[in-house]
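Just below is one structure, and these are the notes that go with it.
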Amino acid sequence: MRRILTTVATVLTFSVSAAFAADSYVNFDNDGNIVVSGPFNAVIPKPPGARTAGPVHSSPSFLDEQLQISTAAYFADDQFVTVQVETTNAGAGTLTNKNLPVVEIAGTEFRARSGCSDIDQERVDTSDDPIVEFLVKQDVQILPAMQAVQLVVINADGTAEGSILFMRNVPGGCGAISPEVKARFDADFERFVASIRAAN
């Protein structure tokens with residue numbers, strides 16, 4: 001779960017570089033839908049009643065590797081959806097999702113990870129994790145836990161990654177997640193994925 005949080009957190013900590021200023025892979029249209037372009041092309045419909053955040057475009061570099069990252073988000077009082085596209089100028093095959101399990105969602109197979117993370121007030125007060133700070137700033141209820149699932153797709157040559165992160169508050173904490181609560185979470189995420197398929 002920590003990996004899920006830090007995947008999104010990275011894009012909130014870097015400033016935009018002039019070298020990639022024209023490359024923005026994720027933006028909103030006039031209706032608040034997320035439009036993905038560049039290495040991937042898709043429309044992510046705005047969930048009913050959701051508020052929007054972003055987009056954020058950044059270009060961090062690590063040694064000789066230059067990344068270009070675009071992120072936009074939907075959020076409500078108790079949940080959060082992030083869409084992110086990342087590209088690298090490193091060699092083909094640099095980015096991969098082969099370490100993730102294959103799951104079927106809305107009739108399509110994806111590489112995905114899922115989990116639940118307990119979060120206490122001390123962690124919120126002392127955290128330097130940008131995603132935690134961002135969720136608090138947006139008034140998303142994250143205590144006492146968040147359930148999450150993340151889909152990850154890679155382009156044909158392994159130089160671009162797209163991900164969708166879907167998070168929801170768990171009022172009773174991770175230990176209290178019943179099969180019914182988990183099933184409802186999974187069903188809601190499946191409907192969200194189905195709405196993306198319908199829009200494309």
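The values are calculated or read from the model by the stated rules, or taken from the named source; none is laboratory data. Here the structure is a predicted model, which means the values were calculated and not measured. Cβ sites come from the backbone with ideal geometry, for glycine too, and all protein chains shown count toward neighbours. The accessibility values were calculated without ligands, DNA or RNA, using every heavy atom of the protein model including side chains. Shrake-Rupley method; radii C 1.70, N 1.55, O 1.52, S 1.80 Å.
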With r as the distance between the Cβ atoms of GLU190 and ALA90 and R0 = 35 Å, compute the FRET efficiency 1/(1 + (r/R0)^6) and round to 0.05.
0.55
Show which aspartates and glutamates lie in cross-link reach of LYS182 when reach means a straight Cα distance below 16 angstrom and same-chain residues fewer than eight apart are skipped.
ASP78, GLU104, ASP118, GLU190
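Excluding LEU100 itself, what net charge comes from residues whose Cβ is under 10 Å from its Cβ, given Lys and Arg +1 and Asp and Glu -1?
In short, +3.
Report the Stokes-Einstein translational diffusion coefficient (µm² s⁻¹, integer) for the range 80-144, Rh taken as the Kirkwood radius over Cα pairs, at 20 °C with viscosity 1.002 mPa s.
For these conditions, the coefficient is 141 µm²/s.
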Evaluate the distance, in nm, between pseudo-label points positioned 7 Å from the Cα of ASP77 and of GLU180 along their respective Cα→Cβ axes.
2.1
Rounded to one decimal in nm, the spacing of the 7 Å Cα→Cβ label points at ASP128 and LYS98 is 3.6
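Which shape class applies to the range 84-187: rounded if a/c is under 1.5, otherwise prolate when a/b exceeds b/c and oblate if not, where a ≥ b ≥ c are the square roots of the Cα gyration tensor eigenvalues?
oblate
Counting only heavy atoms of protein chains, what accessible area per residue, in Å², does the chain have with a probe of 1.4 Å?
49
What shape does the range 13-154 take by its C-alpha gyration tensor, where a ≥ b ≥ c are the square roots of the eigenvalues and a/c under 1.5 counts as rounded, a/b above b/c as prolate, and the rest as oblate?
Judged from the Cα gyration tensor, the range 13-154 comes out rounded (a/c under 1.5).
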Ignoring ligands, DNA and RNA, please state the percent of accessible area on the chain from carbon and sulfur, probe 1.4 Å.
51
Around ALA145, which amide H atoms from residues at least 5 apart in sequence, or from another chain, sit under 5 Å from its own amide H, with H modelled in the peptide plane?
ILE119, VAL170, GLY173
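Taking a quarter of the surface of the convex hull around the Cα atoms of the range 111-172, what do you get in nm²? Walk me through the intermediate numbers first.
Details: hull surface 20.0 nm².
Convex hull of Cα atoms, orientation-averaged projection: 5.0 nm².
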